[in-house]
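Please read the structure below before turning to the comments.
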Amino acid sequence: MVKRSMRVVEVKVPESMSERDVKVAAAIEAFTKNLVSIGKAAEIAEVSLQEFLVELKRRGIPAYSYTDAEALKELKP
């Protein structure tokens with residue numbers, strides 16, 4: 001994955017959206033477009049990796065593109 005620099009932007013959002021909501025949404029967008037790794041996305045969202053994984057699951061977004069069979073194959077020595 002190519003290392004990309006980050007920039008700060010200012011965005012107007014509805015009052016009902018928290019800063020966390022916006023950060024998570026931006027991180028998920030970057031992750032699903034393969035612009036950042038899952039770890040970097042969690043960092044952008046300013047949440048733990050575990051929290052980010054839960055957020056992806058809640059939204060029905062796969063965290064990894066492996067099938068179960070591929071994952072098992074990768075884990076075998």
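None of the figures in this text is laboratory data; all of them are computed from the coordinates on show. Because the structure is a prediction, the values reported are computed rather than measured. Virtual Cβ from ideal backbone geometry, glycine too; neighbours counted across all protein chains shown.
Of all lysines in the structure, those lying under 21 Å Cα to Cα from Lys23, and not within fewer than 8 positions of it along the same chain, are Lys3, Lys12, Lys33, Lys40, Lys57.
The residues neighbouring Arg58, those whose beta-carbon lies less than 15 Å from its own, together hold a net charge of 0 under the Lys/Arg +1, Asp/Glu -1 convention. For the chain, the relative contact order works out to 21 percent when only alpha carbon pairs closer than 8 Å and six or more residues apart are counted. Going from the residue with the fewest nearby Cβ atoms within 10 Å to the one with the most, Arg59, Arg7 rank Arg7, Arg59. Membrane-span-like helices in the chain (whole DSSP H runs, Cα extent of at least 30 Å along the helix axis, mean Kyte-Doolittle hydropathy of at least 0.5): none found. For the stretch 1-71, the list of chymotrypsin sites (Phe, Trp or Tyr not before Pro) that fall in a loop by DSSP and count at most 14 other C-beta atoms within 10 angstrom reads Tyr64, Tyr66.
Computed across the stretch 19-75, the Kirkwood radius stands at 11.7 Å (inverse of mean 1/r, all Cα pairs).
Looking at the chain, the GluC sites (Glu not before Pro) that sit in a DSSP loop and have at most 12 other Cβ atoms within 10 Å of their own Cβ are Glu10, Glu15.
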